[in-house]
1. Treat each spin label as a single point 7 Å out from the Cα along the C-beta direction, and report the Ala171 to Leu211 distance in nm.
2. Given Cα positions, please report Rg to Rh for the stretch 100-141, the hydrodynamic radius being the Kirkwood one.
3. Beyond 21 Å, what share of the Cα-Cα pairs of the stretch 165-259 is found? Please give it as a whole percent.
4. How large is ³J(HN,Hα), in whole Hz, for each residue of the stretch 45-59 in order, when computed from phi with the Karplus curve 6.51 cos²θ - 1.76 cosθ + 1.60 and θ = phi - 60°, using x for Gly and Pro?
5. The stretch 125-176 to the stretch 13-51: how many Å between their Cα centroids?
6. How much length is gained on full extension from Glu23 to Arg66, taking 0.36 nm per residue of separation minus their Cα-Cα distance?
7. Relative contact order for the stretch 3-72: what is it in percent, counting Cα pairs under 8 Å that are at least 6 residues apart?
8. For each cysteine in the chain, check whether another cysteine's C-beta sits under 4.7 Å from its C-beta; list those where none does.
Amino acid sequence: MLIRHLRFFVVLADERHFGRAAETCGVSQPTLSQAIRKLEEDLNLALVIRGHRFTALTPEGEKLLRWSRRILADHDSLHEDLRGARGGLTGTLRLGVIPAAMPMISLISESFARRNPLAGLEIRSMSFQALRRALEAFEIDGGVTYLDQAPEENLREFPLYRERYLFACRAEHPLAERRIVGWAEAAAQPLCLLREEMKHRRILDEVAGDLGVELRPKITCNSFLGVASHLRAGPWCAIVPQAFRFVFGEAGGLALREMAETPRRHMVGLVLAERSPQTPMAEALRSCVEEADFEGRLEASAAPRAAE
């Protein structure tokens, strides 16, 4: 059984189309089909349900897919480890990040690029649930996400910072004159927030509920870019994570004011798959996170306003 054949099989499972999978792998469709047939012969199992086109994986194929991702991850890590011993990492770090933490992710990129100048980074904005699934499927090397109260057995968690919240509005808004904005006051404004299926929005609803407040946004988006766009024009306001200030600051007529202290503050952190040994990329990522001072940078970004 060749590693190359397993790669073809994983790509086919992802693309769900023989032609697209062959193009992605850089081979002809007959070559890819022959490789899949060889896998089936070696295992004496049907892996793919075929009609005139790809239909689905068989139950055995689904099991092989999970094992294939693990085997390929270990194979690539072995080569990366051996190459790294000769001169540093040269592959690509694949990092999943929830939207609420994306403004801070350059702190990790900065450290990783300095330590591994020959390596690349692939950063994906992912939902809380998608990130966990991608980590378990070896599709990413690590993730920056909310840490649950009870750590999961198959994940290693490294806390980065506790999330705080800001009220965002245009500079001419009456509440822009305030140093701290209450949750009831914020809820009374025409809000633009993330959609309810997104983890950050659910957290805001929980926090507001603890204070006896209900958030009823006029506009919902599935990205913070959409929220930021509505802050630039029109009457809309928002409640955003403190990391928002790190990227947007208060340029362009935008005002960011502290929200009143909340009874709960969620921890954002790095998560890695629980395995031994860790992959070279995962170890490099952990080392970079230990160096990055997230809390300090967040406090520094708030310093000019605090000094007023």
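1. Roughly 2.6 nm, to one decimal.
2. Numbers: Rg = 11.8 Å, Rh = 11.6 Å.
Ratio value, two decimals: 1.01.
3. Summing the P(r) tail past 21 Å for the stretch 165-259 gives 21 percent.
4. 9, 7, 9, 10, 8, 10, x, 6, 8, 4, 10, 5, 8, 6, x
5. 36 Å
6. Numbers: separation 43, 0.36 × 43 = 15.48 nm, distance 2.27 nm.
Between Glu23 and Arg66, full extension yields an extra 13.2 nm.
7. Values: 70 pairs, mean separation 22.9, N = 70.
Relative CO of the stretch 3-72 lands at 33 percent.
8. Cys25, Cys192, Cys221, Cys288
Values quoted throughout were computed directly from the atomic coordinates according to the rules given, and no laboratory measurement underlies them. Fair warning: this is a prediction, and the values are worked out from it, not measured in the lab. With ideal geometry, Cβ positions are generated from the backbone for all residues, glycine too; neighbour counts draw on all protein chains shown.
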